[in-house]
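Trainee: I'd like to ask you about the structure that follows.
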Amino acid sequence: MEQDKNHHKILLNRGTLHEFDKEIKKIGQAALTRINADPANADSGLAQLVLTLVELIRKLIEKQAIQRVEGGSLTEEEIERLGETLMRLEMKMEELKKTFNLTDNDLNINLGPLGNLL
Amino acid sequence: MESRPNKIPTHQDMENNVVDRSQEVTLHEILDRVLNKGVVLAGDLVISVADIDLVYVGVRVLLSSVETLERIQSDKQKENEHMHGPNAGINR
Amino acid sequence: MVPMQALIVDMQYLVYAILPFPVQFAPLAELLAANHGIGHSKLETVSSAELIAITGKVNHQKVISSTENALAYARVIDELFRLYTLLPVRYGTVANSREAVVSLLKKHTHQLHQNLDEVKNREEFSLKMLWKHEGSYQYFRGQPGAAKKEVPIPFPADSPQKTYLLQKIRKHRQENALVDYAEQLANKLEHWLVSFHPTFRFKIMVSQRLILDATMLIKKGYQQDVVQAISCFQDRYPDLHFLLTGPWPPYNFVKLPNDGTGQKSP
């Protein structure tokens, strides 16, 4: 195999490459993880995908709900009910995660704020 | 410390597990570009074998569904109120 | 007897990049001869009246997304980019025939030409910014530009539901503050680099730690100056870690797909 020419692509790195590498992998952005995905894990892959989407919905709902609460137009009762609903949603999500043995990291949940999506 | 020259890893490197951090980071940058960026051409006589990012496609469908979900939720709350009176709230 | 399969030699054309026509053909032919595509395939050109596609003849089943293939692919584009203005094509576009490639070029001629004009003589750099510390919020409040005013809590914590909500409100306020900070940072970066006249793409808050991912298209030949400028910019933010990579062919500045991803994020 031909020897690679030295393409020096990293121009500046204040900090350590280790932490960048770790972060990129942690947030599931690494294209490498897609390539190395094991086709034998098809089933858990589906659960993972579905729950990732469900969790995304939940976070969007939560964000919109909080925005409304902060908007100041809700009655005390509505606030209580909203709180109850959100609590239950989150509990349900925890159950689902346990059932399928998936962690937050598995669901790429560590995506940061959803500012861009709304 | 990453003192080796910043070289793009070869297939052999990957197999031998001698890829260092700078190579891994560079590799990520390359793969992200090649697999996720660049011009997408589609046409009748094209067989495209590029991966479709399922989650990304899902998000777009989701965003319009969230409104429907919210409406369903608030409808359900109104229904509960109607049937059980204002103090019933959600079942404990 | 020759088995049926052997008669069906299905070779397709994997498209690597698109170049404007005309070009200096001799150096191009030399370059294509000196390099090979994925799986050691031969590289060739397929042209329409106004554009050139760099292709490699492959069996499309071999075009799997392996690291080795992706690297080989990227290397071809990188080598071409040293000499030519081009648009990199996303990995995996395989056409049935030369005619198919030509019709693709014809179908999008106008857009591709416009795009080629925009990237002419320019190269891409990527700048990622990471919070130094894992637990970002406690260090965030002291940062230059972070909002100082405290917004009062909207209701008392006199029930588990309200306590829960207050928790969530606090979390969302912190996140919004962080998003605002990251957007400010993006604006500051734009001003800092204004003399390079870059085109920017921003991703705000990729994660709670990776608060900014900026890609910039800048005229070729200023690499040292860009590194110097970013280095100075980094000095102002001791709690952030910068990672600058490049120069890259303009992967992030293509107009197709046409779904708004070409827009700058707020």
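Just so you know, all these numbers are worked out from the coordinates, no wet-lab data involved. Here the structure is a predicted model, which means the values were calculated and not measured. Glycine gets a Cβ as well: all are built from the backbone with ideal geometry, and neighbour counts include every protein chain shown.
Trainee: For every helix of n ≥ 4 consecutive DSSP H residues, a contribution of -39,500 (n - 2.57) applies; sum these over chain C, divide by its total residues, and give [θ] at 222 nm rounded to the nearest 500 deg cm²/dmol.
Mentor: -12000 deg cm²/dmol
Trainee: Using the alpha-carbon atoms, what tilt in degrees (0 to 90, nearest 10) does helix C:98-107 show relative to the longest principal axis of chain C?
Mentor: Computed tilt is about 50 degrees.
Trainee: Roughly what angle does helix C:109-119 make with the longest principal axis of chain C, taking Cα atoms, 0 to 90 degrees, to the nearest 10?
Mentor: 60
Trainee: Then there is this: Within 12 Å, Cβ to Cβ, of C:Val89, how many net charges do the neighbouring residues add up to if Lys/Arg are +1 and Asp/Glu are -1?
Mentor: Once all neighbours under 12 Å are counted, the net charge is +3.
Trainee: Taking H as built 1.01 Å from N, whose amide H comes closer than 5 Å to the amide H of C:Arg122, not counting residues under 5 places away?
Mentor: C:Lys220
Trainee: Out of every Cα pair in region C:1-135, what percent are spaced more than 21 Å from each other?
Mentor: Value for region C:1-135: 47 percent of Cα pairs lie more than 21 Å apart.
Trainee: Using the Karplus curve 6.51 cos²θ - 1.76 cosθ + 1.60 with θ = phi - 60°, work out ³J(HN,Hα) for each residue of region C:19-33 in order, rounded to whole Hz, and write x for Gly and Pro.
Mentor: Once rounded to whole Hz, the list reads 10, x, 9, x, 9, 6, 6, 4, x, 5, 4, 4, 4, 5, 6.
Trainee: Residues with amide H under 5 Å of C:Leu212's amide H, sequence separation 5 or more or different chain, H placed in the peptide plane at 1.01 Å from N; which?
Mentor: Amide H neighbours of C:Leu212: C:Met129, C:Met205, C:Val206.
Trainee: Among C:Phe196, C:Asn96, C:Leu31, whose Cα lies farthest out toward the positive end of the dipole of chain C, if unit charges sit on the beta carbon of Lys, Arg (+1) and Asp, Glu (-1)?
Mentor: C:Phe196
Trainee: Please report, to one decimal in angstroms, the Kirkwood hydrodynamic radius of chain C built from all distinct Cα-Cα pairs. Don't jump to the answer; show the numbers that get you there.
Mentor: Working: mean 1/r = 0.0459 Å⁻¹.
One over the average 1/r among Cα pairs gives 21.8 Å for chain C.
Trainee: Can you tell me which lysines have their Cα less than 16 Å from the Cα of C:Lys219? Leave out same-chain residues fewer than eight positions away.
Mentor: C:Lys120
Trainee: If I build a Gaussian network model for chain C, linking alpha-carbon pairs within less than 10 angstrom, which residue out of C:Lys171, C:Lys106, C:Lys255 has the largest mean-square fluctuation?
Mentor: Of the options given, C:Lys171 has the highest mean-square fluctuation.
Trainee: Using a 10 Å cut-off on Cβ to Cβ distances, tally the other chain neighbours for every residue of C:85-91 and report the average as a whole number.
Mentor: So the per-residue partner count for this stretch is 5.
Trainee: In sequence order, what are the phi-derived ³J(HN,Hα) couplings for region A:65-70 according to the Karplus relation 6.51 cos²θ - 1.76 cosθ + 1.60 with θ = phi - 60°, rounded to whole Hz, with x for glycine and proline?
Mentor: 4, 4, 4, 5, 4, 5
Trainee: List, in order, the whole-Hz ³J(HN,Hα) value for each residue of region C:190-200 obtained from phi through the Karplus relation with A = 6.51, B = -1.76, C = 1.60 and θ = phi - 60°; use x for Gly and Pro.
Mentor: The phi angles translate into 4, 5, 4, 9, 4, 5, 8, 6, x, 9, 10 Hz.
Trainee: If you don't mind, another one. Going down the table (B:Lys37/C:Lys203; A:Lys59/C:Lys255; C:Lys106/C:Lys255), which pairs top 19 Å between alpha carbons?
Mentor: A:Lys59/C:Lys255
Trainee: Which net charge results when you count Lys and Arg as +1 and Asp and Glu as -1 among the other residues whose beta-carbon is under 12 Å from that of A:Leu12?
Mentor: In short, +2.
Trainee: Place the peptides C:213-221, A:91-99 in order of packing, highest mean first, counting for every residue the other Cβ atoms within 10 Å and averaging per peptide.
Mentor: So the order, starting with the most tightly packed, is C:213-221, A:91-99.
Trainee: Continuing with this model, one more query. Around C:Tyr16, which amide H atoms from residues at least 5 apart in sequence, or from another chain, sit under 5 Å from its own amide H, with H modelled in the peptide plane?
Mentor: Those lying under 5 Å, H to H, from C:Tyr16 are C:Ile54, C:Thr55, C:Gly56.
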